[in-house]
Amino acid sequence: QQVTTGKRICIVGAGPAGFYAAQYLLKQLSDCTVDIVEKLPVPFGLVRFGVAPDHPEVKNVINTFTKTAENPRLRFFGNVSLGQDISLQELRQRYHAVLLTYGADQDRELQLQNEQEQHVISARKFVAWYNGLPGAEQLQPDLSGRDVTIVGQGNVAVDVARVLLSPIDKLKITDTTEYALEALARSQVQRVHLVGRRGPLQAAFTIKELREMLKLPNVTTNWRSSDFTGIAEQLEQLQRPRRRLTELMLKSLSEQSTRSSTAAAGRQFLPVFLRAPKAISAKEMEFAVTQLREGVAVATDATECLPADLILRSIGYKSSCADAGINFDPQRGHVRHEQGRVLKDGEEKSVEPGLYVAGWLASGPTGVILTTMNGAFAVAKTICDDITAKAFDTASTKPGFEVGSQRIVSWDGWLRIDQQECEAGKSKGKPREKIVDIEHMLTIAGV
Ligand code: FAD
C-alpha cells in the first residue's frame, strides 16, 4: 500500500544496500524523491569492484539497479563524497531523511610485525586491483614467486585463490582489467595455501566456491589428511549445508591418492586448517598450530612455517567513519544503530531523527547481496513507518541537493561511461573494459 508524501530522502552510497533501499522507498512512498550520493563517478559498489570477474551472473543485479535509477523520482550524484564534498549536517538540513549505505572500504589487520612489508597485501586491495577500482592499479602485486599464502578462508579468500590459479584464457573473457590480465599472464605462482585458524567443520567458504576450485583446469587440490581426523564421524550431526560442504571436502580428500602424478605438475590449491598467524618474514609465514576448544581455536606451542613469496591477508573488511557527525563504533567498525535507526552519540536508546543506516555499514562486512537486500528493505520499511508516525520532521520544505562548482556525474553521465567501457570490451571479447582513471571517467561523462 502506497503512502503519499512529498519527502526528500538522500541515500549515501550507490551499492546494493543503497539501490535496494531506493527501490523500496520509491515503490512505497508514491511521491517521495530519492537522491543517491556516490563517492565514485560510477555506481554499484562491490558489485563492480568486489564480486569476482568470473562470476558475471552475480552482477545481473545491476539490471535491477538500473531500472530503479531510471525512475524519474531518483537522481544520481556521482563523484560526491560524504565527509569531503558534503557534510552529514548539510545533508540532514537538505533532506527529510538520510540513509547511510557507504559500505566497508578498509581492511582488518593481523597486527603482526612486518605486516607493512611489500610482500604482504590485503585481499581487499588485490580484489580492487583486478577489478579496476580507481587508484588500485598502482598496487602491482609481485607474482614472480611460486608460493602465495592467503590468511583466511572466506569466499573472498577463495575468489582470490581462484583468480591466481585460473588459466589466463578463462579470465581473458571476463571484465578483469587489462593491466591485471597482463600481470596474471606473467605470473609464476604455482601454489596457493589457504590457511584458517579453525578446522574443516568451521570453514567459512561455501560449497559453490569450493566446487569451482575443484573444477579448475590444471589445478590440483591437496588437503591434509591429518586435518580431517574424526571429521567423517561427525557428519550425521551437521546441518545440511555444512554436511554437504564437509562431504565434498572428504570426497575430494579420498580422491587425492588416486590422482595421477601428471596432475601434480600443474598448479596447486592447498587448504590448511588449524593454523593461526604468528610471524611474517621475507619468504615464509609462521603459524601457531591450534586446537579447537568448544569451536574456538587455541594456539599451542607448536608452530609451522609455510612458504610465502606473497602473503594475502583476507580476514575481513571494515567500515570507516566518513564524517565526524556519524556515531561510529571504531572497535566493531560500523555505525551504532537500533534496527537501522542511527543512535545518538553516547546513548543506547535515543535515536537521531531522520538518520538511518543499512548494508555493510550497519551489519559489518558479512553476508551476500541477498542478505544486504533483505536488510536494506527492512530499514527502508522502518523509514516508511517513521514517516507515517511523524517520528521526524516531515512538514517543512527541503531543498535537496544543490549542484555547486563540483564536477558531478549524473545517471546519463554514467551511461556514457558504461557505453564506452562496453565498446572497449567488445573488441577484446570481454563484457567491458573498465576505465580506471577518474579524470578520464569525468571527461567521458561530460563534466
Ligand atoms: P558496497 O557495495 O560497498 O557499496 C557502498 C558504496 O558506497 C560504494 O559504491 C562506495 O563507493 C560508496 N561510498 C563509500 N564511501 C562513500 C562516501 N564517503 N560518500 C559517498 N559514497 C561512498 N555477494 C554475493 O552475493 N555474491 C558474490 O559473489 C559476492 N562476492 C563478493 C566479493 C568480494 C571481494 C566482496 C568484498 C563481497 C562480495 N559479495 C558478494 C558481498 C556483496 O558485495 C555485499 O553484500 C554488498 O556489496 C554490500 O553492499 P553495500 O551497499 O552495503 O556496500
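Quick check on my filter: what residues within the stretch 316-337 are buried (at least 20 other Cβ atoms within 10 Å of the Cβ) and of a type in the set (A, V, I, L, M)?
A322, I326, V335
Residues of the stretch 301-316 being of a type outside the set (A, V, I, L, M, F, W, C) and either at pLDDT 95 or above or in contact with a His (Cβ under 9 Å, 6 or more places away or on another chain) (or both), which ones?
Scanning the stretch 301-316 gives D301, T303, E304, P307, D309, R313, S314.
Those residues that are crowded, with 21+ Cβ neighbours inside 10 Å and either in contact with a Phe, Trp or Tyr (Cβ under 8 Å, 6 or more places away or on another chain) or closer than 22 Å to L442 by Cβ (or both), I need them from the stretch 78-101; list them, please.
G78, N79, V80, L82, I86, H96, A97, V98, L99, L100 - these are the residues of the stretch 78-101 that are crowded, with 21+ Cβ neighbours inside 10 Å and either in contact with a Phe, Trp or Tyr (Cβ under 8 Å, 6 or more places away or on another chain) or closer than 22 Å to L442 by Cβ (or both).
State the number of residues belonging to the stretch 282-297 that are surrounded by 15 or more Cβ atoms within 10 Å (Cβ to Cβ) and of a type outside the set (V, I, T).
Of the residues in that region, 7 qualify.
One line per residue, one yes/no per condition, for (1) outside the structural domain of L25 (by TED's automatic domain parsing); (2) at pLDDT 95 or above; (3) more than 9 Å from the ligand (Cβ to nearest atom):
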position: T66; (1), (2), (3): no, yes, yes
position: R75; (1), (2), (3): no, yes, yes
position: H96; (1), (2), (3): no, yes, yes
position: T101; (1), (2), (3): no, yes, no
position: L143; (1), (2), (3): yes, yes, yes
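Please enumerate the residues belonging to the stretch 157-188 that are of a type in the set (A, V, I, L, M, F, W, C) and either at pLDDT below 95 or within 25 Å of S427 (Cα to Cα) (or both).
Matches in the stretch 157-188: V163, L164, I168, L171, I173, A180, L181, A183, L184, A185.
Need at least 3 residues that are touching a residue at least 60 places away in the same chain (Cβ under 8 Å) and more than 16 Å from the ligand (Cβ to nearest atom) per element, so show me which helices (runs of 4 or more DSSP H) inside the stretch 346-447 make the cut, counting only ones lying wholly within it.
Because the criterion is at least 3 residues that are touching a residue at least 60 places away in the same chain (Cβ under 8 Å) and more than 16 Å from the ligand (Cβ to nearest atom), the helices (runs of 4 or more DSSP H) in the stretch 346-447 that meet it are 369-388.
Is it fair to say E247 is charged (D, E, K, R), in a helix (DSSP H, G or I), out of contact with any strand residue (DSSP E or B) (no Cβ under 9 Å at 6 or more places or on another chain) and modelled with pLDDT of 95 or more?
yes
E117 versus (1) part of a loop (DSSP other than H, G, I, E, B); (2) within 16 Å of the chain's Cα centre (by Cα); (3) more than 8 Å from the ligand (Cβ to nearest atom): which is the lone unmet condition?
So the condition that E117 fails would be (2).
Quick one: count up the residues across the stretch 147-190 that are within 18 Å of F269 (Cβ to Cβ), among the β-branched types (V, I, T) and away from the ligand (no atom under 16 Å from the Cβ).
Of the residues in that region, 4 qualify.
Please go through the stretch 22-41 and pick out each residue that is out of contact with any Phe, Trp or Tyr (no Cβ under 6 Å at 6 or more places or on another chain), within 9 Å of the ligand (Cβ to nearest atom) and not acidic (D, E).
Within the stretch 22-41, K39, L40 qualify.
Taking the options Q111, Q138, name whichever one is in a loop (DSSP other than H, G, I, E, B), away from the ligand (no atom under 12 Å from the Cβ), of a type outside the set (A, V, I, L, M) and surrounded by fewer than 19 Cβ atoms within 10 Å (Cβ to Cβ).
Checking each option against the conditions leaves just Q111.
Taking S81 as meeting all but one of (1) more than 22 Å from the chain's Cα centre (by Cα); (2) within 7 Å of the ligand (Cβ to nearest atom), write down the number of the exception.
Going through the list (1) more than 22 Å from the chain's Cα centre (by Cα); (2) within 7 Å of the ligand (Cβ to nearest atom), S81 breaks only (1).
Consider P277 against the criteria (1) under 30 Å from E137 (Cβ atoms); (2) part of a loop (DSSP other than H, G, I, E, B); (3) not charged (D, E, K, R): it satisfies all of them except one. Which criterion is unmet?
(2)
The values are calculated or read from the model by the stated rules, or taken from the named source; none is laboratory data. What you see is a predicted model; the values in this text were computed from it and never measured. Reconstructed Cβ throughout: ideal geometry from the backbone, glycine too, with neighbour counts over all protein chains shown.
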